[in-house]
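Working notes, structure below.
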Amino acid sequence: MFDDLIGQPHAARMLTAALRRERPRHAYLFAGPAGAGKKTAALKFAAAVCCPENGCGACASCKKAIRGVHPDILTLEPAGSLITIDQVRWINSSLNLHPSESRARVFIIGDAGALGAAAANALLKSLEEPPPFIFFLLLASRPQAVLPTIASRCQIVRFQQVPPADIESYLFDKFHVSATKREAFARISGGNLKLAEALCANAELAGRRESYMSIAARLGRGGCEKAAAMAAEAESAILEAGAPPAKHDEATDSFEVGQKRSQQDAHRRAGAAQKQELALALSLLASWYRDMTAVAAGAKDSILNKDYELELEDQALPSRLDNYLRAVGVIENTRKKLGYNIDLGLALQAMFHELTEVL
Ligand SMILES: [Zn+2]
């Protein structure tokens, strides 16, 4: 079941061993960075406990599970920034319902770090003594992101950043993109397989990356008067990415439970998407100046944006190494403020203004 889990030999071994037990434990916490494959692994594990043959991967039940449309596998995502106590009550009230078409029912909690104290308390008893056919799979960025009372009731399975070489060979097998692009996507993804995959598969995302790279390149060449224009350009790219999608995604939406579909909900999602895009934009902008420092220091082998090597070599001046480093610092500082409720436009204006000053 876990042979094709990319770059996670430890998690794959643990989960395979868990499934070989007479009965797997009833609560697991999959902990690791974004894009490491936790959700994919959770769907496969859920498939295996529901499958009459312990996860053949081929039967109707397994196929539905892996596509995310199995009626006995329920995914709970935060409504806004938190998983609410009502969502947990919904789990508790449905705990004794028997599986509708398989031998188990699985609750996947997409972001267990979003369980507030009240919701977590409400979940404790269910987590501790569920009926024998119930399994909980909690996902989180790291075990410490989850309240200790919850984490201590789960078996922890650790996921790591996917090594760039593994990402590259995965992209090679799956997509027709040039070797340079493949190398660049693997490196800039920072171990996030999902991001590297999205850069290959999603032309709009790849286009936005090009916009951010172009902004970074032009900013280096321009003076202070460019800051406002660049900030506005970045802001519109970020807002565009956060616009609610027109089409409904059946695979992820129809089984997200306990969520009210409302205008407010759509708003929250758009806000979350913008925040995610801002984080991506900042990480890409920082990668540009990091690459400038690499070239300026004569270490061009460590360039992340391999597909921009010529432009980087053309622009980077050894005498300005320190300026590029300070630019990375400015962007990192903005990134740290992401957790607070910042005004997107103001934050970008301030950052670009500072960037033109240090460059
Ligand atoms: Zn099966």
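Just so it is clear, none of the values below were taken in a lab; they were calculated from the coordinates. Everything numeric in this text was worked out from a predicted model, so none of it was measured. Quick reminder, even Gly has a Cβ in these numbers, built from the backbone with ideal geometry, and neighbours come from all protein chains shown.
May I ask you to compute the full-extension gain from Ser236 to His353, defined as 0.36 nm times their residue separation minus their alpha-carbon distance, rounded to one decimal in nm? Each step should come with its number before you reach the end.
On the way: separation 117, 0.36 × 117 = 42.12 nm, distance 1.71 nm.
Full extension of this stretch gives 40.4 nm more.
Derived from the Cα gyration tensor, the three semi-axes of the equivalent ellipsoid of the chain are 41, 23, 17 Å, largest first.
How long are the semi-axes of the equivalent ellipsoid of the stretch 100-160, taking √(5λ) for every eigenvalue λ of the Cα gyration tensor, in whole Å from largest down? Write out the running numbers ahead of the final one.
Numbers: eigenvalues 81, 41, 21 Å².
Taking √(5λ) for each eigenvalue gives 20, 14, 10 Å, largest first.
Which of Lys181/Lys226; Lys44/Lys64; Lys181/Lys300; Lys38/Lys64; Lys63/Lys125; Lys39/Lys181 have a Cα-Cα distance over 20 Å? Result: Lys181/Lys226; Lys63/Lys125; Lys39/Lys181 exceed 20 Å. Separation of the stretch 277-352 from the stretch 16-60 is 39 Å, based on Cα centroids. In terms of its Cα atoms, the stretch 9-158 spans 39, 34, 27 Å along the principal axes, sorted from long to short.
Near Leu76, the amide H atoms lying under 5 Å from its own belong to Ile108, Ile109, Gly110; only residues 5 or more places off or on other chains count, and H is placed 1.01 Å from N.
Could you compute Rg(Cα) / (2.2 N^0.38 Å) for the stretch 281-359, with N its residue count?
Working: Rg = 13.1 Å, N = 79, 2.2 N^0.38 = 11.6 Å.
Against the compact-globule rule of thumb, the ratio is 1.14.
Model label points for Ala228 and Lys194, set 7 angstrom from Cα along the Cα-to-Cβ axis, are 3.9 nm apart. Considering only Ala58, Ala145, Ala241, the Gaussian network model of the chain with Cα springs below 10 Å gives its largest mean-square fluctuation to Ala58. Under 10 Å, Cα contacts only: if you run a Gaussian network model on the chain, which one of Ser61, Ser319, Ser211 comes out with the highest mean-square fluctuation? In the Gaussian network model the winner is Ser319.
For Trp90 and Gln144, FRET efficiency with R0 = 35 Å and r from the beta-carbon atoms, rounded to 0.05?
Numbers: r = 27 Å, r/R0 = 0.77.
Here the calculated transfer efficiency is 0.85.
I want to make sure I understand the PRE zone here: with the label point 7 angstrom from the Cα of Leu82 toward its beta carbon, which residues in the stretch 316-359 have backbone N atoms less than 19 Å away? Backbone N within reach: 339-342.
Tell me, in nm to one decimal, what length is gained between His267 and Asp301 on full extension, where the rule is 0.36 nm per residue of separation less the Cα-Cα distance? Mind dumping the intermediate values first?
Details: separation 34, 0.36 × 34 = 12.24 nm, distance 4.29 nm.
That pair, His267 and Asp301, stretches by 7.9 nm at full extension.
What percent do you get for the relative contact order of the chain when only Cα pairs under 8 Å and 6+ apart count? Before the final figure, lay out each step's value.
Working: 538 pairs, mean separation 65.1, N = 359.
Result for the chain is 18 percent.
Label positions at Asp322 and His10, each projected 7 Å from the Cα along the C-beta direction, are separated by 4.0 nm.
For the stretch 96-165, relative contact order (Cα pairs under 8 Å, six or more residues apart, normalised by length) works out to 38 percent.
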